[in-house]
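The values are calculated or read from the model by the stated rules, or taken from the named source; none is laboratory data. What you see is a predicted model; the values in this text were computed from it and never measured. Cβ: placed from backbone, ideal geometry, glycine included. Neighbour counts: every protein chain shown.
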Amino acid sequence: MQAPTLSPSKSPHAAGPRLLSDIGGTNARFALETSPGHLEQVQVLRGADYPQFTDAVQAYLELAGQPAVKHAAVAIANPVQGDQIKMTNHDWAFSIEAARQLLGFDLLLVVNDFTALSMAVPQLRADELQQIGGGAPKVGQPVGLVGAGTGLGVGGLVRGDGHWLPLASEGGHVAFAPANAREAAVLAYAWQFHEHVSAERLVSGPGLELIHRALLAIDGHPAAELKAAGIVDGALKQGDAVCLETLDLFCSMLGTVAADLALTLGALGGIYIGGGVVPHLGEYFARSAFRARFENKGRMSVLTKAIPTYVITAQYPAFTGVSAILADRLDPYE
């Protein structure tokens with residue numbers, strides 16, 4: 001599967017193609033960058049099909065024809081602190097250095113996925129974004145990112161010394177804050193199963209499932225186990241009332257998370273929404289309660305009403321960011 005060129009193609013990388021990867025809780029995405037911004041051999045593999053990270057990399061390289069790769073960069077949905085990686089939303093655990101040696105790379109760079117996504121934002125084209133509310137972004141001001149998928153990613157960008165600097169964050173694990181009685185009831189239900197109910201517990205793909213179970217229990221309906229995709233389908237295609245309320249609560253809760261991030265960072269440069277869930281909601285998300293909740297911040301509503309929010313519609317934005325981080329490490333010393 002060939003990916004679109006991310007930017008005008010330049011001379012091929014002198015040391016050969018660079019391996020780029022975006023590892024989430026469900027899928028592992030891989031590509032070869034043959035020249036700056038030009039991707040080839042894009043593949044999406046299911047993480048559950050491979051015992052370890054290195055198994056997935058080796059499987060991809062075999063699919064790609066065993067290219068001679070010296071330099072690789074991985075964006076992973078996990079904190080990256082030191083050499084040891086143990087994924088929060090998957091069972092992979094590995095040493096970065098041991099993986100580098102096993103795979104035969106000269107350099108294996110591993111960064112948080114939302115650090116990579118943050119670095120992609122300045123390079124995104126207008127046709128890779130959908131603005132939902134707010135005014136124009138303030139040039140050079142902080143930028144926030146939030147994205148719901150298997151987990152809830154949070155990140156940011158600040159300007160310093162003429163460059164954008166990514167802010168590594170695990171903001172998805174802050175405590176969930178309900179905004180009304182209905183959300184408080186959902187939180188009370190979640191507390192029966194989790195001592196700490198983070199924002200990620202509810203504002204994520206698995207969170208959709210938890211909200212749905214909570215609403216059924218709160219309203220006295222028979223229990224039903226629906227996966228996130230089934231809930232979205234039930235809401236958008238079948239008009240199921242409980243699925244619709246689940247989706248509405250999810251979008252509202254995401255609005256709270258995004259607004260809290262905007263105020264925390266002073267993100268006058270805008271809030272950008274990635275992750276695997278929202279792009280599947282299409283125009284429903286634009287019409288949802290997300291933006292109204294984002295703007296409803298009491299005395300700070302004047303500020304949040306002015307801050308633009310964007311849905312990232314680019315197919316592989318993390319590749320753009322992790323490519324930039326790898327290039328900053330290598331170029332022009334390749």
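For ASN180, which of the numbered conditions (1) modelled with pLDDT of 95 or more; (2) closer than 23 Å to LEU247 by Cβ; (3) crowded, with 19+ Cβ neighbours inside 10 Å fails to hold? Going through (1) modelled with pLDDT of 95 or more; (2) closer than 23 Å to LEU247 by Cβ; (3) crowded, with 19+ Cβ neighbours inside 10 Å one by one, ASN180 breaks only (3).
Note on the range 1-113: enclosed strands (runs of 3 or more DSSP E) holding 2 or more residues that are of a type in the set (D, E, K, R) and farther than 16 Å from ALA318 by Cβ are 38-46. Pairs meeting the criteria (first residue in the range 12-33 and of a type in the set (Lys, Arg), second residue surrounded by fewer than 23 Cβ atoms within 10 Å (Cβ to Cβ) and at pLDDT below 95, beta carbons under 7 Å, at least 6 apart or on different chains) are ARG29/TYR316. The residues on offer are ASN78, ASN89, and the sole one that is in contact with a Lys or Arg (Cβ under 8 Å, 6 or more places away or on another chain) and polar (S, T, N, Q) is ASN78.
Checked across the range 273-284, the condition of being assigned to a loop (DSSP other than H, G, I, E, B), among the small types (Gly, Ala, Ser), buried (at least 24 other Cβ atoms within 10 Å of the Cβ) and on the phi < 0 side of the Ramachandran plot holds for no residue.
Might you check whether a residue that is outside any loop (DSSP other than H, G, I, E, B) and among the basic types (Lys, Arg) occurs anywhere in the range 296-304? Scanning the range 296-304, I find at least one residue that is outside any loop (DSSP other than H, G, I, E, B) and among the basic types (Lys, Arg), so the answer is yes.
In this structure, is THR320 closer than 30 Å to HIS13 by Cα, within 16 Å of the chain's Cα centre (by Cα) and surrounded by fewer than 19 Cβ atoms within 10 Å (Cβ to Cβ)? No; evaluated as a whole, the condition is false for this residue. Could you check, for the range 222-232, whether at least one of its residues is under 22 Å from GLY172 (Cβ atoms), assigned by TED's automatic domain parsing to the domain that holds HIS173 and charged (D, E, K, R)? There is at least one residue in the range 222-232 that is under 22 Å from GLY172 (Cβ atoms), assigned by TED's automatic domain parsing to the domain that holds HIS173 and charged (D, E, K, R).
Between ARG213, ARG182, the distinction of being more than 17 Å from VAL278 (Cα to Cα) and either in contact (Cβ under 8 Å) with a residue 60 or more places away in the chain or in contact with an Asp or Glu (Cβ under 6 Å, 6 or more places away or on another chain) (or both) belongs to ARG182 only.
Conditions (1) of a type in the set (D, E, K, R); (2) outside the structural domain of ASP113 (by TED's automatic domain parsing); (3) closer than 13 Å to GLY144 by Cβ, marked per residue:
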{"position": "VAL242", "(1), (2), (3)": "no, yes, no"}
{"position": "ASP248", "(1), (2), (3)": "yes, yes, no"}
{"position": "ALA262", "(1), (2), (3)": "no, yes, yes"}
{"position": "VAL278", "(1), (2), (3)": "no, yes, no"}
{"position": "ARG291", "(1), (2), (3)": "yes, yes, no"}
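Among the residues of the range 293-324, the ones that are over 18 Å from LEU145 (Cβ atoms) and either in contact with a His (Cβ under 8 Å, 6 or more places away or on another chain) or aliphatic (A, V, I, L, M) (or both) come to 4 in all.
Within the range 250-267, can one find any residue that is in a loop (DSSP other than H, G, I, E, B), farther than 21 Å from GLY207 by Cα and touching a residue at least 24 places away in the same chain (Cβ under 8 Å)? The answer is yes; a qualifying residue exists. Considering the range 117-176, the residues that are in contact with a His (Cβ under 9 Å, 6 or more places away or on another chain) and surrounded by fewer than 18 Cβ atoms within 10 Å (Cβ to Cβ) include one that is farthest from ILE76 (Cα to Cα), namely ALA175. On the given criteria, is ALA48 under 23 Å from GLY276 (Cα atoms), surrounded by fewer than 21 Cβ atoms within 10 Å (Cβ to Cβ) and more than 18 Å from the chain's Cα centre (by Cα)? Criteria met by ALA48. For GLU225, the requirement of being at pLDDT below 95 and either under 19 Å from ALA259 (Cα atoms) or charged (D, E, K, R) (or both) is met.
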